[in-house]
1. Taking H as built 1.01 Å from N, whose amide H comes closer than 5 Å to the amide H of Thr71, not counting residues under 5 places away?
2. Rounded to whole Å, give me the distance from the Cα center of segment 86-129 to that of segment 60-82.
3. Figure the gain on full extension for Lys128 and Met114 (residue separation times 0.36 nm, minus the Cα-Cα span) and round it to one decimal in nm.
4. Once the piece of chain linking Val43 and Cys99 is laid out straight, how much longer is it, given 0.36 nm per residue of separation minus the C-alpha distance between them?
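A short reminder: the numbers here are calculations on the coordinates, not readings from a lab. Remember, it's a predicted structure, so these values are computed and weren't measured experimentally.
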Amino acid sequence: MDATMENKMGLPPPYEPTAPAPVPPPSYFGDNPPPPAGFVAPVAPPRTTVITNQPTNPRPVKLGPGPTGTTCPTCNKSIVTRVDYVPNNRTHIVSAALCVLAGCCCGCFVPYCMRSCKTANHYCPACKAFVGNYQPS
Ligand SMILES: [Zn+2]
C-alpha cells in the first residue's frame with residue numbers, strides 16, 4: 001500500500017496589490033444598439049443613472065489655492081489670477097471649535113489667518129472678472 005497522497009492544497013491566488021486606479025467610466029455608447037421602438041426591457045436596473053441634471057460647468061478651470069495661470073473666460077487672455085481669500089463657513093466652524101477647545105478666544109483668529117481655511121476667489125487681473133474659486137478640502 002503506497003499511500004503517497006499528494007495533498008494538493010489550493011494555491012492562493014496571486015496577490016495583487018489593489019492599486020487605487022481610477023475606474024474608467026463605462027462606455028455604453030456604440031456597444032449595445034438601442035432596442036427597437038416599443039421594446040420594453042424586462043429587467044429594469046434599480047438604480048438608473050439618468051444624466052438629466054448634468055452640471056454644466058461653464059468654467060472648467062482648475063484653480064489652486066494660490067494665483068493660478070489660466071485663461072480668463074471673459075477676456076480670453078492668458079492670465080495669472082489674482083486671489084482674494086475670504087473666510088467661508090469652515091473658517092467659522094474651525095474658529096468656533098478652537099474657541100471651545102481652547103476655552104478662550106486666543107485661537108479664534110487663527111483660522112481667519114490661514115489660507116487653508118479660506119475660500120480662494122480668483123479674479124482676472126486684466127478685466128477684473130471672477131474666474132472661479134478654490135475650496136480647500
Ligand atoms: Zn479677463
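1. Correct list: Ile79.
2. Centre-to-centre (Cα) distance: 22 Å.
3. On the way: separation 14, 0.36 × 14 = 5.04 nm, distance 2.44 nm.
Going from the current span to full extension adds 2.6 nm.
4. Working: separation 56, 0.36 × 56 = 20.16 nm, distance 5.56 nm.
In short, 14.6 nm is gained.
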